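The values are calculated or read from the model by the stated rules, or taken from the named source; none is laboratory data. Remember, it's a predicted structure, so these values are computed and weren't measured experimentally. Cβ sites come from the backbone with ideal geometry, for glycine too, and all protein chains shown count toward neighbours.
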Amino acid sequence: MTSSVSVSERKPVSLVVGVELARLMSGVALLGLVLAVLGFSIYRYSVPDTALNFAGPPFAFLMLVLLALALVAGVAIKAAARTLDADDTGARDRLFGLGAGGVVASVLVAAKLFASGPVAAGWVAVGWALLGVVSLVLMSTAAANTWLEGRAPALNVLRWIRANVIAFIGLLVLVFLYIPNIVVAAMSFNIEHGKKTTYQWYEFGVGNWTNLCAPSQMCGSVVTSLWIGAVATVIATLIGTLAAFALMRHRFAGRSGVNTVLFLPMATPDIVMGTSLLAFFIALRMGGHLGYVTIVIAHVTFCLSYVVVTVKARLAGMDATLQEAAMDLYADERTTFWRVTFPLVFPGILSASLLSFSLSFDDYIITNLNAGTVTTFPIFVWGAALRGLPMQVNAIGTIMFLLAIAIVLGGELLSRRRAGRDA
């Protein structure tokens, strides 16, 4: 019987010591980073006029970086454990890569501290880098290299980098894309003093969340945008889904022309679309009656194209033999549609509806030209920014962002649960 102890005993002593040292350093780093996040946050909001009292969004980003480093330290601890307790080559490669990265980061921090920070802290960073080098050297002795299939430590590091470079680049892109959302979330806790048209951090507080509807007409504009978005989404999804089925399932005169016309709203600039719709409403003698109806018509017009394209893509990737099999089993057309076709195409319809709602809720240019006296949330934000943007706007934006994330995660979890149940 082979146990984890016997697996560890077969490893060279130098490798075990090096891995244990790496695990110890990772544990200390994890604890220190978590304590730093808690300590910095408490110190910042309890002691005024300190070096930590800079703008809130950069401070929030700094805290996220420290938490991300703590997560990396946790990954290193897990990799060290798997290196000692299991024959996991990938874990050894991750440990080599993370260890080399930690040494480089320690050297950079030490150089920065020696240049402009406390010298004592710089020597601590140097000592940390030396311990990391010792750990890598212990994991790179001749006996360890022999046990590690003859690979040099540099090759392990390069292999880890090559295996994770795409994920790392993707992570950087995601961080870059979500920085505005992080800033908005941080500014939702900013208690402003005076009217400003630019974001400036004053002090931390939850007043923006507890007094969400304090700015006049803001919550009313949100309800208006939600109502218009829901109506426009239902209409655009219904018409667009039927159009997608017609374009994919049937051949008729003018089919290519209809495809071209459906793509035009996606390629037309918003200002051109808005002015064209306004001219159309004036020609219909609706210029003096601009409001909810004209906004819904305008939103359906530009949302329809996205629905058709999304549903068509889903239909194009659907296996037609499943419907043929249902018909072979004596299912009529209605049963085949509701039991086979609709469940298969439903994810595309749901994606199209969510996309339509987000486009409708977010639109400003087309809506502003055809709204009349109706105030939607984007119109309210634009008007409020001219006088001084209330920080409650950031709370509303954060809520919408979290709702979008929750919907996406919920759909993903349901899909995985359904796939596991089918398997």
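Couple of notes before you dig in:
- The residues on offer are Asp319, Asp270, and the sole one that is surrounded by fewer than 18 Cβ atoms within 10 Å (Cβ to Cβ) and within 28 Å of Asn370 (Cβ to Cβ) is Asp270.
- Complete set of residues in segment 37-61 that are in a helix (DSSP H, G or I) and in contact (Cβ under 8 Å) with a residue 12 or more places away in the chain: Val37, Phe40, Ser41, Arg44, Tyr45, Gly56, Pro57, Phe59, Ala60, Phe61
- Every residue from segment 108-132 that is modelled with pLDDT of 85 or more and not small (Gly, Ala, Ser): Trp123, Val124, Val126, Trp128, Leu130, Leu131
- Sub-9 Å Cβ pairs linking a first residue in segment 233-254 that is at pLDDT 80 or above to a second residue that is exposed (fewer than 15 other Cβ atoms within 10 Å of the Cβ) and polar (S, T, N, Q), at least 6 apart or interchain, are Leu247/Asn259, ordered by first then second residue.
- Any hit, segment 203-221, residues being acidic (Asp, Glu) and either surrounded by fewer than 14 Cβ atoms within 10 Å (Cβ to Cβ) or not in a helix (DSSP H, G or I) (or both): yes
- Leu389 meets each of the listed conditions (1) at pLDDT 80 or above; (2) under 27 Å from Leu174 (Cβ atoms) apart from (1).
- From the list Val296, Val309, the lone residue that is assigned by TED's automatic domain parsing to the domain that holds Trp382, in contact with a helix residue (DSSP H, G or I) (Cβ under 7 Å, 6 or more places away or on another chain) and assigned to a helix (DSSP H, G or I) is Val296.
- A count restricted to segment 371-423 and to residues that are assigned by TED's automatic domain parsing to the domain that holds Met273 and under 14 Å from Thr224 (Cβ atoms) stands at 12.
- Criterion (aliphatic (A, V, I, L, M), over 30 Å from Pro390 (Cβ atoms) and either touching a Leu at 6+ places or on another chain (Cβ under 7 Å) or assigned to a helix (DSSP H, G or I) (or both)) met by exactly one of Leu226, Leu262: Leu262
- Of residues in segment 230-246 being surrounded by 24 or more Cβ atoms within 10 Å (Cβ to Cβ) and not polar (S, T, N, Q), the one farthest from the chain's Cα centre (by Cα): Ala244
- Some residue of segment 265-279 being touching a residue at least 40 places away in the same chain (Cβ under 8 Å) and within 30 Å of Pro343 (Cα to Cα): yes
- One residue stands out in segment 303-324 among those that are of a type in the set (Gly, Ala, Ser) and modelled with pLDDT under 80: the one that is farthest from Val231 (Cα to Cα), namely Ala320.
- Every residue from segment 28-47 that is surrounded by 15 or more Cβ atoms within 10 Å (Cβ to Cβ), within 22 Å of Gly205 (Cα to Cα) and not aromatic (Phe, Trp, Tyr): Ala36, Val37, Ser41, Arg44
- Candidate set: segment 281-291, residues that are part of a helix (DSSP H, G or I) and surrounded by fewer than 16 Cβ atoms within 10 Å (Cβ to Cβ); chosen: the one modelled with the lowest pLDDT: Gly287
- Close Cβ contacts (under 8 Å, 6 or more residues apart or on different chains) running from residues in segment 396-420 that are in contact (Cβ under 8 Å) with a residue 24 or more places away in the chain to residues that are of a type in the set (Ser, Thr, Tyr) and not in a helix (DSSP H, G or I) comprise Gly397/Ser188; Thr398/Ser188.
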